[in-house]
Amino acid sequence: MHFEAFFERYKAFFTPATLVVLYVTDLDKNGTFSYEGVTIHAYSLSESSVWNELLDLSGLDKSELKKLDNKKKIDVLYEGLLKTDCAAKAMSFEEILSHKGESSKKIMGAV
């Protein structure tokens, strides 16, 4: 997990009000933490796709999105996530780092 570099690169897009959900290939335990005032919900990604994981988290079904164009699918998914409690176990950033494990998807890297 190279979170610091990721956050530095994209932090202009994050505010304390931004919903940030990360799926990480080398995280052994889910957790919610705060980093530079931004709440981050980090989930382990093992075998599924991020899209499927987000659909599960939001409670949406693929059939609900089937006839929508790609932009509308993303909008509907984001709205669904905003209505969902995305929080995992509260942890400090240091605790999250202590749960870094081995990635089964080394070629892809973290998502």
Looking at segment 8-27, which of its residues are crowded, with 17+ Cβ neighbours inside 10 Å and in a helix (DSSP H, G or I)?
none
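Only residues that are surrounded by fewer than 17 Cβ atoms within 10 Å (Cβ to Cβ) and either part of a loop (DSSP other than H, G, I, E, B) or modelled with pLDDT of 95 or more (or both): list them for segment 39-50, please.
Residues of segment 39-50 surrounded by fewer than 17 Cβ atoms within 10 Å (Cβ to Cβ): 46-50.
Answer for segment 39-50, where residues must be surrounded by fewer than 17 Cβ atoms within 10 Å (Cβ to Cβ) and either part of a loop (DSSP other than H, G, I, E, B) or modelled with pLDDT of 95 or more (or both): S46, E47, S48, S49.
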Test: G101 is surrounded by 12 or more Cβ atoms within 10 Å (Cβ to Cβ) and touching a helix residue (DSSP H, G or I) at 6+ places or on another chain (Cβ under 6 Å)
no
Selection within segment 51-83 - surrounded by 15 or more Cβ atoms within 10 Å (Cβ to Cβ) and either assigned to a loop (DSSP other than H, G, I, E, B) or touching a Pro at 6+ places or on another chain (Cβ under 9 Å) (or both)
L60
Are any residues in segment 22-78 within 30 Å of S98 (Cα to Cα) and touching a Gly at 6+ places or on another chain (Cβ under 6 Å), and if so, which ones?
D26, D28, A42, S58
Only one of these conditions is not met by M1: (1) over 19 Å from G80 (Cα atoms); (2) modelled with pLDDT of 90 or more; (3) in contact with a helix residue (DSSP H, G or I) (Cβ under 8 Å, 6 or more places away or on another chain). Which number is it?
(2)
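The values are calculated or read from the model by the stated rules, or taken from the named source; none is laboratory data. Quantities reported herein were computed from a predicted structural model and do not represent experimental measurements. Don't worry about glycine lacking a Cβ; one is built from the backbone with ideal geometry, like all the others, and counts go over all protein chains shown.
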